[in-house]
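Each remark here refers to the structure printed beneath this line.
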Amino acid sequence: MLPAKDGDSLLLRYGDDNRTRRVLIDAGRASSYPLVKPVLGARDAQPLDLLVVTHVDQDHVLGVLALFRDPDRVDIEDVWFNGYDHLVDAQLETFGAKDGELLTTALLDQQVPWNKAFEGRSVEVGRPFASFDSDTRLRIISPDREQLERLVPLWEKECADQGLIPGRDAVVPPPGLESFGPVDIEELARTPFEADTSRTNPTSIGFLFEYDGVRIMFTGDGDDARLVRSLADQAQAEGGRVRLDALKVPHHGSAANISKELLDLIDCPRYLISTNGARHGHPDDVAMARILKYGGETKEIAFNYRSRAALWDVPQWKADYGYTVLMPSPGTDGFLTLTW
């Protein structure tokens, strides 16, 4: 988990003595890239096997744009990113909204392989694709065709206006723990679920990763209902719950993106929360209460920023809800390495 401020930047490294694979998922904001680059390496370092740009919100894509502006950037074997043409399921001929447009231009100008595994088509649920590694299992769990097409009008308007696409957090989180005072976890966990109304977040590329028995679910800012639909059949086949070794909590722990219904479909001992909480107060209290109440009898919650972890590092809650807190060492905010 890399320092992405209020966004995501996750580096997945796996393999054996003969070959190490590297997958980067998003790159946070532009100011994150100088911190992320030393971990990725320069052009003479081992290439990234895959860069996944989950969606075009700035806290995920601006660091990617900074990477492509770096003449000494690491080489990349394939980029998964849904540009405007992928939203309308067309061939690559036109461009989209400004941040997506900038990334589209960089990918084309620099001749970087783009959705190569999908033969240049969109990354979406149900579309066949070729894995870059026969030992790795990847399953796309979001977005779907309807969610991609729903973004088209907004993308076109933003492109016409030459504006940037901001993070569109339509659901305002409840007051944070700093000002909320005494917290009733049970009451918060019972809060009725209200889904994210953003048009950009549901287009997030989400996938199940599995290698050597380790299974991790990456979600971007994905839509809860889409994730539930994607997991339902697999959960039934696995006895009621999908076994996971970790869940990257959707949308940095927004209550609008993680429901009891989703948590009831997974058997997961580790939850990853990527954010410094600066802009939207993520993770919010309701999302955390749901994880504590419905996320399994024992669990570890990994935060990549100490400020967010400290709010939940409460001995009585940890004892009552069977969880531990993992956070960076002092002076290393943003960086957290997890191993399996």
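Every number here is computed from the coordinates shown, using simple stated rules; none is lab data. All of these numbers come straight from a predicted model, not from anything done at the bench. Backbone-built Cβ (ideal geometry, glycine too); neighbour counts: all protein chains shown.
Specify the angular offset, from 0 to 90 degrees and rounded to the nearest 10, of the alpha carbon long axis of helix 224-237 from the longest principal axis of the alpha carbons in the chain.
80 degrees
Once amide H atoms are placed 1.01 Å from N in the peptide plane, what residues at a sequence separation of 5 or more from TRP114, or on another chain, have their amide H within under 5 Å of its amide H?
For TRP114, whose amide H was placed from the backbone, the distant partners under 5 Å are VAL79.
Please compute the Cα-Cα pair-distance distribution of the range 208-340 with 5 Å bins starting at 0, giving whole percents from short to long.
2, 11, 21, 25, 21, 13, 6, 2, 0
Where nothing but the Cβ of Lys and Arg (+1) and of Asp and Glu (-1) is charged, how large is the charge dipole of the range 10-326 around its Cα centre, in debye to the nearest 20?
400 debye
Return the long-range amide H neighbours of ARG270 (sequence gap of 5 or more, or a different chain), with a cut-off of under 5 Å between placed amide H atoms.
Close amide H contacts, sequence-distant or interchain: LEU247, GLU300.
Taking K and R as +1 and D and E as -1, what net charge do the other residues with C-beta under 15 Å from the C-beta of THR298 add up to?
+1
Loop only by DSSP, 15 or fewer other Cβ within 10 Å of the Cβ. Give me the chymotrypsin sites (Phe, Trp or Tyr not before Pro) in the range 48-135 that pass, ordered by residue number.
Qualifying residues, ordered by number: PHE132.
Please list the non-local residues whose amide H lies under 5 Å from the amide H of HIS282, H modeled 1.01 Å from N, same-chain partners needing a gap of 5 or more.
Here the answer is GLY277, since their amide H atoms fall under 5 Å of that of HIS282.
222 nm [θ] for the chain, helices only, -39500 (n - 2.57) per DSSP H run of 4+, per residue, to 500?
It lands at -8000 deg cm²/dmol.
With both bridge residues required to lie in the chain, what share of the DSSP beta bridges run antiparallel, to the nearest 5%?
Percent antiparallel among DSSP bridges in the chain is about 45.
Would you mind listing how long the chain runs along its three principal axes, going by Cα atoms, in whole Å with the largest first?
Taking the Cα atoms of the chain, the three principal extents are 55, 48, 44 Å.
Pairs of lysine in the chain with Cα under 12 Å and at least 8 positions apart or on different chains: total?
The result is 4.
For the range 1-81, state which trypsin sites (Lys or Arg not before Pro) are in a DSSP loop and have at most 13 other beta carbons lying within 10 Å of their beta carbon.
Values: sites: LYS5, ARG13, ARG19, ARG21, ARG22, ARG29, ARG43, ARG69, ARG73; in loops: LYS5, ARG19, ARG29, ARG43.
Answer by residue number: ARG19, ARG43.
Where in the chain is the longest stretch that carries no GluC sites (Glu not before Pro) classed as loop by DSSP and with at most 10 other Cβ atoms within 10 Å?
120-296
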